[in-house]
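Enquirer: Can you keep this structure in mind? I'll have questions shortly.
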Amino acid sequence: MTLLQLMPDDAPDTVLLRTTDPATIAGALAEHGVELDHWPVRGPVGPDDDSAEVLGRYRAEVDELRARKGFRLVDVARLHPAPGPEWAERAATARSTFLEEHRHAENEVRYFAHGRGCFSLHLDDRVHAVVCEAGDLLSVPAGTRHWFDMGTRPDFAAIRFFEEEDGWVGDFTADPIARSFPSLDALLAAPHRPAAP
């Protein structure tokens, strides 16, 4: 289930809001121009499903979004668990790539066709940690400071939309803020608790 945890950017242990209510999450994100939408999930995505097949399942939605937003390129980013140390090393390298705060020159638009991942958005003086699950379509405005965590055992497939071929390149801020905030695994393990007064 989609989760939002909101924290001050200077107090990662203070939870201002923690909710799984879709309307509350969408409203809190919309205040900052971040869009959260949902598409139907058309089956799990396994290691043997190729990217063309995954895109084919969502052809109508992908084509409509491309036409409406002017995206020129679409691909599928994915990582599935596999036995052996080579996979563990590959997963750790992939995970560390975007765990530092960065921004992009164009909107970052991702549809989770399988699994989950966490976008931590540094918006004004707050961090909005958004755990996206299969069915979630997240659109983060260009220039938004953020980081992404796929967890210690990544298992996801996300359809990515690009305006330009190099639009995904990260501009890293060198701010170590991401190291202080909960990881995807910690967010999922945390018990539900009321928001701070």
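Bear in mind that the values in this text are calculations on the coordinates, not laboratory data. Source: prediction; values computed, not measured. Cβ sites come from the backbone with ideal geometry, for glycine too, and all protein chains shown count toward neighbours.
Enquirer: If you take the square roots of the eigenvalues of the alpha-carbon gyration tensor of the stretch 3-98 and sort them as a ≥ b ≥ c, do you get rounded (a/c under 1.5), prolate (a/b over b/c) or oblate?
Expert: Verdict is oblate for the stretch 3-98.
Enquirer: Would you list M7, M1 from fewest to most Cβ contacts within 10 Å?
Expert: If I rank by nearby Cβ atoms, fewest first, I get M1, M7.
Enquirer: While we're here: How do T14, T2 line up, fewest other C-beta atoms within 10 Å first?
Expert: T14, T2
Enquirer: State which stretch of the chain is the longest one without any exposed GluC sites (Glu not before Pro), exposure meaning a DSSP loop state and at most 14 other Cβ atoms within 10 Å.
Expert: So the longest stretch without any such site is 32-163.
Enquirer: Could you tell me how many degrees, from 0 to 90 and to the nearest 10, lie between the Cα long axis of helix 85-97 and the main elongation axis, the longest principal axis, of the Cα atoms of the chain?
Expert: Tilt relative to the chain: about 60 degrees.
Enquirer: Please report the orientation-averaged projected area of the stretch 1-54, defined via the convex hull of its C-alpha atoms, in nm². Don't skip to the answer; put the middle values down first.
Expert: Numbers: hull surface 23.6 nm².
So the Cα hull casts an average projection of 5.9 nm².
Enquirer: For all pairs of alpha-carbon atoms in the stretch 108-194, what percent lies in each bin of width 5 Å, listed from the first bin to the last filled one?
Expert: 3, 12, 23, 24, 22, 12, 3, 1, 0
Enquirer: Now, a different point. Mind checking Rg over Rh on the chain, alpha carbons, Kirkwood formula for Rh? Intermediate results must be reported in sequence, preceding the final value.
Expert: On the way: Rg = 16.3 Å, Rh = 17.2 Å.
Ratio value, two decimals: 0.94.
Enquirer: Could you work out the helix-only [θ] at 222 nm for the chain, with each DSSP H run of four or more residues adding -39,500 (n - 2.57) and the total divided by the number of residues, to the nearest 500 deg cm²/dmol?
Expert: Numbers: 5 runs with 46 residues, N = 197.
Taking each H run of at least 4 residues, the total per residue is -6500 deg cm²/dmol.
Enquirer: Let me ask something else about it. Net charge within 15 Å of M150 by Cβ-Cβ distance, Lys/Arg positive one each and Asp/Glu negative one each, not counting M150 itself?
Expert: -1
Enquirer: May I pose another question? What longest range of the chain stays clear of loop-exposed trypsin sites (Lys or Arg not before Pro) (DSSP non-H/G/I/E/B, at most 15 other C-beta within 10 angstrom)?
Expert: 73-197
Enquirer: Between L73 and S180, with labels modelled 7 Å along Cα→Cβ, what's the label distance in nm to one decimal, could you check?
Expert: Between L73 and S180, the simple spin-label model gives 3.5 nm.
Enquirer: Counting pairs of alpha carbon atoms under 8 Å apart in space and at least six apart in sequence, what relative contact order in percent does the chain give?
Expert: 30
Enquirer: Summing Lys, Arg as +1 and Asp, Glu as -1, what charge do residues with Cβ under 12 Å from the Cβ of A60 carry, A60 excluded?
Expert: On the way: positive: R42, R57, R59, R66; negative: E61, D63, E64.
Result for the local shell: +1.
Enquirer: Could you tell me the calculated FRET efficiency between H32 and R153, based on Cβ-Cβ distance and R0 = 30 angstrom, to the nearest 0.05?
Expert: 0.50
Enquirer: Return the long-range amide H neighbours of T144 (sequence gap of 5 or more, or a different chain), with a cut-off of under 5 Å between placed amide H atoms.
Expert: Residues meeting the amide H criterion: H104.
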